[in-house]
Number of protein chains: 2
Amino acid sequence: MSDQTDDWTRLTTGLRQQAGIEDVKVSLGLLQRIGQVLRAGNWDVTAILDMHSWEQPQGPPRLIDLHPGKEMIPPPLWAAAIDIGTTTVTVWLVDLITGKVEAQTAQYNQQISRGEDVVSRIIFAGKDGGGENLRQLVLATINELLGTACKRIKADPPLVSTDILKATMVGNSTMMHLALGIPPENIRLLPFITTANQMPQLTAHEIGINIHPDGTIDCLPGVASYVGADITAGVLSSGLNDTEQVTLFMDIGTNGEIVLGSREWLVTCACSAGPAFEGAGVGDGMRATKGAIEDIWINDANLEPTFRVIGNVKPRGICGSGLIALLAEMFLTGVIDKAGNFNSNHKTSRIRQGEHGWEYAICFGADTGHGEDIVITHVDVDNLLRAKAAVYAGFTVLAESVGIPLDWVEQVLIGGSFGKYINVEKAIEIGLLPDLPWDKFQFLGNTAVRGAYLALLDRGARSQVKEIASRMTYIELSADNKFYDAFISALFLPHTDLSRFPSVEAAITNEQE
Amino acid sequence: MSDQTDDWTRLTTGLRQQAGIEDVKVSLGLLQRIGQVLRAGNWDVTAILDMHSWEQPQGPPRLIDLHPGKEMIPPPLWAAAIDIGTTTVTVWLVDLITGKVEAQTAQYNQQISRGEDVVSRIIFAGKDGGGENLRQLVLATINELLGTACKRIKADPPLVSTDILKATMVGNSTMMHLALGIPPENIRLLPFITTANQMPQLTAHEIGINIHPDGTIDCLPGVASYVGADITAGVLSSGLNDTEQVTLFMDIGTNGEIVLGSREWLVTCACSAGPAFEGAGVGDGMRATKGAIEDIWINDANLEPTFRVIGNVKPRGICGSGLIALLAEMFLTGVIDKAGNFNSNHKTSRIRQGEHGWEYAICFGADTGHGEDIVITHVDVDNLLRAKAAVYAGFTVLAESVGIPLDWVEQVLIGGSFGKYINVEKAIEIGLLPDLPWDKFQFLGNTAVRGAYLALLDRGARSQVKEIASRMTYIELSADNKFYDAFISALFLPHTDLSRFPSVEAAITNEQE
């Protein structure tokens, strides 16, 4: 009775005296509960604070939760790293105390039903209620993944997603806009300006992500409409920002983003490769799942194919790595010429006129999983050529922009799930990758979610990624005539200028001998 | 195309260059709209910012809204001052540009249907769903008042409450807790501790108040469970914190809060007067509305009453000022003695035995608005005596706590709507107010809403009210034996110790002569 201090002042006094925290922010939702918690713990409580605000590094910490009782040995403190891919959403569940990733989950972005690529999503978002529909779909995807990840943790009581106290989120700029309900329309319209590359720090409750409602969601910063937070996160986790070697970093997913640089300088562009190498835009294309042809060889003599299918089942289609191999094999065996035209002079029933013009039959219906022929058509080849030409033209323009030849590149770091499966030799043969020694290529997997994970653990990483975003020079290719010229030159197999691909030149010569 | 800066950076750059604002906060809801607004204004926009955070005076300003186009002459900038009384909620609508109050509205707090006083509200809040129900009721009241206030403004297009960009809010601690959905139970339980006397700065959206969703709601600070933000606001607007005179400030509404002090020192207490003087706890009591007896005289010879009724209609009951006058008249004419007992020896049909014991009939059914007698019973008199004794005991203990006699008080400032109607002479005669020269009393009306209004206009006033809250010494009367003794002594008319009321002593002597 002699001390009439209110609950909140008692709590903040404790934080000041025991932890040196001078000032603290709190949500109304948590304030509504603190009286009960303080008394349930008989005035011994454990406070969980987010000490570091993304936007205001010098600002006050935020109280996220308060538990009754003193917890001298901290429990796992759960956090999530979220990568919103146009095609696939990935969630890593992390124990902040140990720093370990305890569960990894991924599934298709449910927005796919509304369009395969960012442009079709932006168009859909412009329809009445479309943006809200897309927001709900991606939130549903994220929330399902969070639930799945929690189920993988053995805990008693079972872990639920609201036990997760913080998250970092990356994705391309369109995905970030859609997830936050920000209209993405200007990303598609000239001059391609985002609403924000650096989103403010938000709570889970504000966004609608089903972790602890007061949990912070830190969206990593992007650079431009087509170089988003997934790329800055990728630069961080690939170490590109901290290497002395001239490095080419690429993330060829549904979009194709490229970064060239080192610790001294960084230039970046997006080359709108389109989703051909993810299996879309190709009639029998499919994702790299069970039943996909993932590698293929064509017999030089009779043009009969041999292939490897994911899961060792009858094939149902062909995925990105298979398409690269197929294009390379068709080129080297003369099924197609360097412009991608089918050679109708070969004596084989596999090269034939189909519904969409000339095509090559990879597998006849009798041997496929669905009973129909798997083929690659002239249209498919054109789409693949355009995709690979866009990527290669991107490299070219970036290198030219800083005045260095491509063969000065000391290492090539390939992010994105796509990179995991491709065969460097064959990717060089079609002119998708520059002709460098194979040991200079490294496949890093999902660099975006790994960058989000690093930013979750380490405030140093958070400042680094901000610094990366601010010092990346973005080159808008659609404003650049050089890109168009480079693209046209790259529409050939491997390239108009064969001197750029000496190893392929040698291979062609060998074949021809 | 050559400048790929995102919308948000363009806006913040403009704020930095044109207004010197280095950093700015924004809600997700507003961020979702800025792309459209910037383009609608062809990159000329008018930004509305809350420059001063209540909690973090040094923190960054917050963007509240953005309008397309340059508005060189600012329009009215609307804000609201809200006082949540236990009985009455008051809203003032203010133009921040001119500082003028453009509309004043008040209505009963809809929570009244769940209990007349704070204690019954707290008990109701403890029931399942009770707290949420009370929250909804007070928000509905506030939102209706905001709507009403807007309708009073002649504007084209019509003003709507979401045009209001900021609000300040005051009320006793229970009202503040209930409006924010914070369980108030510990306010009633020993040792009477609030969850928070100083609420964090919140947005209208978070609380559910129907002004602009990003509008800031600043809740003024309280001092203790029974001395809330309405009292600190009252001290501010009464000028008590800035006077050299020893001043007694009282706000006798449903609760009775008292402050004694000057610019040098401030002590305060709450005396749980109860709502008797607001007409509750008195059988024929009513609020000061049409049909209420507001003043009364009793003929010394035949004990016949003469009274004045609000609205000049047949009476339906008696309000606070009427009750004070009635108690004084009954005492001075000997209808009741100094202990409040009825004198059954008088020869008049007005003093009689009723259902609840002895009573005085103020008006017979033939002359009332509802056809029934209006009476004051022994039980009513007891309730009024307890109420006035609690208030007087509060003065006594406060004065004793700082070691000064009550007659050193140089001015008495009376806040609350109650104060507007009472007759000082009669209030002294019953011992409700201390026996000081009448010219020392000032009636200030609703000092709480006026304090909220001052805090809305002036950040200096906001710092003052924080400073007032921090330097007020709260005396918890229920922990104080002196209060109980003072209360018992004050249960007489005007007081056990008649020497404290020399003017009343003289009046009694005159009557007896």
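The values are calculated or read from the model by the stated rules, or taken from the named source; none is laboratory data. For clarity, every value in this text was computed on a predicted model and none was experimentally measured. Ideal geometry is used to build each Cβ from the backbone, glycine not excepted, and the neighbour counts take in all protein chains shown. These area figures cover heavy atoms from the full protein model, side chains too; ligands, DNA and RNA do not enter into them. Shrake-Rupley method; radii C 1.70, N 1.55, O 1.52, S 1.80 Å.
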- Message: Return the residues of region B:271-288 that are farther than 13 Å from residue B:385 by Cα, assigned to a loop (DSSP other than H, G, I, E, B), open to solvent by less than 50 Å² (accessible area, probe 1.4 Å) and at pLDDT 85 or above; say none if nothing qualifies.
- Response: B:271, B:284, B:286
- Item | Top-ranked residue in region A:452-489 [being over 20 Å from residue A:390 (Cα atoms) and not in a helix (DSSP H, G or I); ranked as farthest from the other protein chains (Cβ to nearest Cβ)] | A:458
- Among the residues of region B:30-55, which ones are within 8 Å of chain A (Cβ to nearest Cβ), open to solvent by 60 Å² or more (accessible area, probe 1.4 Å) and within 42 Å of the chain's Cα centre (by Cα)? B:55
- Message: If residue A:27 satisfies all but one of (1) in contact with a strand residue (DSSP E or B) (Cβ under 9 Å, 6 or more places away or on another chain); (2) surrounded by fewer than 20 Cβ atoms within 10 Å (Cβ to Cβ); (3) away from chain B (no Cβ under 11 Å); (4) at pLDDT 90 or above, what's the number of the condition it fails?
- Response: (3)
- Which number in (1) in contact with a strand residue (DSSP E or B) (Cβ under 9 Å, 6 or more places away or on another chain); (2) crowded, with 16+ Cβ neighbours inside 10 Å; (3) assigned to a loop (DSSP other than H, G, I, E, B) marks the one condition that residue B:79 misses? (3)
- Message: Only one of A:136, A:111 is part of a helix (DSSP H, G or I) and within 24 Å of residue A:201 (Cβ to Cβ). Can you tell me which?
- Response: A:136
- Note on the structure: For region B:289-318, the count of residues that are open to solvent by less than 10 Å² (accessible area, probe 1.4 Å), assigned to a loop (DSSP other than H, G, I, E, B) and within 23 Å of residue B:357 (Cβ to Cβ) equals 2
- Query: Just checking, how many residues over region B:392-428 are of a type in the set (Val, Ile, Thr), outside any helix (DSSP H, G or I) and buried (at least 16 other Cβ atoms within 10 Å of the Cβ)?
  - Reply: 4
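Residue-wise test of (1) surrounded by fewer than 24 Cβ atoms within 10 Å (Cβ to Cβ); (2) within 14 Å of another protein chain (Cβ to nearest Cβ).
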position: B:165; (1), (2): yes, no
position: B:188; (1), (2): yes, yes
position: B:196; (1), (2): no, yes
position: B:200; (1), (2): yes, yes
position: B:208; (1), (2): yes, yes
position: B:228; (1), (2): no, yes
- Test result for residue A:1, surrounded by fewer than 19 Cβ atoms within 10 Å (Cβ to Cβ), within 14 Å of chain B (Cβ to nearest Cβ), out of contact with any His (no Cβ under 6 Å at 6 or more places or on another chain) and aliphatic (A, V, I, L, M): yes
- Message: Scan region A:453-465 and tell me whether some residue there is open to solvent by less than 20 Å² (accessible area, probe 1.4 Å), within 28 Å of residue A:191 (Cα to Cα), out of contact with any Gly (no Cβ under 7 Å at 6 or more places or on another chain) and of a type in the set (Val, Ile, Thr).
- Response: no
- Of all residues making up region A:1-46, the number that are among the basic types (Lys, Arg) and either part of a loop (DSSP other than H, G, I, E, B) or touching a Cys at 6+ places or on another chain (Cβ under 9 Å) (or both): 0
- Of the residues in region B:490-513, how many are open to solvent by 40 Å² or more (accessible area, probe 1.4 Å), assigned to a helix (DSSP H, G or I) and either of a type in the set (Gly, Ala, Ser) or touching a Leu at 6+ places or on another chain (Cβ under 9 Å) (or both)? 6
- Message: Looking only at region A:364-376, how many residues end up being touching a Phe, Trp or Tyr at 6+ places or on another chain (Cβ under 8 Å) and open to solvent by 10 Å² or more (accessible area, probe 1.4 Å)?
- Response: 2
- Query: Just wondering, is there one or more residues in region B:254-270 that are touching a Pro at 6+ places or on another chain (Cβ under 9 Å) and buried (at least 19 other Cβ atoms within 10 Å of the Cβ)?
  - Reply: yes
- Query: On the given criteria, is residue B:101 more than 18 Å from residue B:199 (Cβ to Cβ), part of a strand (DSSP E or B), hydrophobic (A, V, I, L, M, F, W, C) and in contact with a helix residue (DSSP H, G or I) (Cβ under 6 Å, 6 or more places away or on another chain)?
  - Reply: no
- Item | region A:5-18, residues that are open to solvent by less than 30 Å² (accessible area, probe 1.4 Å) and at the interface with chain B (Cβ under 7 Å from one of its Cβ atoms) | A:6, A:7
- Query: Of all residues in region B:215-226 being of a type outside the set (Phe, Trp, Tyr) and within 12 Å of chain A (Cβ to nearest Cβ), which is surrounded by the fewest Cβ atoms within 10 Å (Cβ to Cβ)?
  - Reply: B:217
- Task: Could you tell me which residue of region B:230-252 is nearest to the other protein chains (Cβ to nearest Cβ), considering only residues that are surrounded by fewer than 24 Cβ atoms within 10 Å (Cβ to Cβ) and outside any helix (DSSP H, G or I)?
- Result: B:246
- Task: Among the residues of region B:1-20, write down those that are of a type in the set (Lys, Arg) and under 44 Å from the mean Cα position of the chain (by Cα).
- Result: B:16
- Hey, residue A:85 on the phi > 0 side of the Ramachandran plot and modelled with pLDDT under 95 or not: no
- Task: Mind telling me which of the residues B:175, B:169 ends up being within 14 Å of chain A (Cβ to nearest Cβ) and modelled with pLDDT of 95 or more?
- Result: B:169
- Note on the structure: Of (1) more than 10 Å from every other protein chain (Cβ to nearest Cβ); (2) crowded, with 19+ Cβ neighbours inside 10 Å; (3) touching a Ser or Thr at 6+ places or on another chain (Cβ under 8 Å); (4) within 24 Å of residue B:457 (Cβ to Cβ), residue B:152 fails just (2)
- residue A:326 vs (1) more than 25 Å from residue A:180 (Cα to Cα); (2) in a strand (DSSP E or B): all pass except (2)
- Message: For the list (1) crowded, with 21+ Cβ neighbours inside 10 Å; (2) without any contact (Cβ under 8 Å) to a residue 60 or more places away in the chain; (3) not hydroxyl-bearing (Ser, Thr, Tyr), I need the number of the one condition that residue B:170 fails.
- Response: (2)
- So is residue B:138 in contact with a strand residue (DSSP E or B) (Cβ under 8 Å, 6 or more places away or on another chain), under 18 Å from residue B:454 (Cα atoms) and open to solvent by less than 20 Å² (accessible area, probe 1.4 Å) or not? no
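Yes/no matrix, rows are residues, columns are (1) within 14 Å of chain A (Cβ to nearest Cβ); (2) under 21 Å from the mean Cα position of the chain (by Cα); (3) of a type in the set (Asp, Glu):
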site: B:57; (1), (2), (3): yes, no, no
site: B:96; (1), (2), (3): no, no, no
site: B:104; (1), (2), (3): no, yes, no
site: B:139; (1), (2), (3): yes, yes, no
- Query: Would region B:429-451 turn up any residue that is within 14 Å of chain A (Cβ to nearest Cβ) and part of a helix (DSSP H, G or I)?
  - Reply: no
